Amino acid sequence: MATKRIVQIFCNACWNKKGVEVDAVERLTLGSLRWDLCEEHRDRFGEMLSEVLDIDEPMAISA
Ligand SMILES: [Zn+2]
């Protein structure tokens with residue numbers, strides 16, 4: 001018999017703030033810390049980080 005394990009990764013921010021399970025689209029690591037984020041929280045965090053670091057146009061990652 002074959003077994004298939006399915007793992008779903010949810011946004012840490014949505015879970016902590018609203019108690020809802022929203023699929024994470026990005027894993028952010030900073031030193032020894034890690035966050036899994038949905039699209040909305042990823043974008044919001046990126047905007048806040050750019051503001052804090054005073055960077056108007058962050059470098060884009062080429063695909
Ligand atoms: Zn979220």
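None of the figures in this text is laboratory data; all of them are computed from the coordinates on show. Since the structure is predicted, the reported quantities are computational estimates derived from the model, not experimental observations. Cβ atoms come from the backbone with ideal geometry, glycine included; neighbour counts cover every protein chain shown.
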(message) Give me a comma-separated list of calculated 3J(HN,Hα) values for segment 13-23, in order, Karplus coefficients 6.51, -1.76, 1.60 applied at θ = phi - 60°, integers in Hz, x for any Gly or Pro.
(response) 5, 4, 5, 5, 7, 10, x, 10, 9, 10, 4
(message) Can you find, among F10, L28, C38, the residue sitting farthest towards the positive end of the charge dipole of the chain, where Lys and Arg contribute +1 and Asp and Glu -1 at Cβ?
(response) F10
(request) Taking the Cα centre of the chain as origin, work out the dipole magnitude from +1 charges on Lys and Arg Cβ and -1 charges on Asp and Glu Cβ, in debye rounded to 20. (result) 620 debye
(request) Over every pair of different alpha-carbon atoms in segment 12-52, take the mean of 1/r and invert it; report that Kirkwood radius in Å. (result) 10.6 Å
(message) To test your reading of the geometry: what angle, between 0 and 90 degrees and rounded to tens, separates the Cα axis of helix 39-52 from the longest principal axis of the chain?
(response) 30 degrees
(message) Going by amide H atoms built from the backbone, whose H comes under 5 Å of the H on V25, apart from near neighbours?
(response) L37, C38, E39
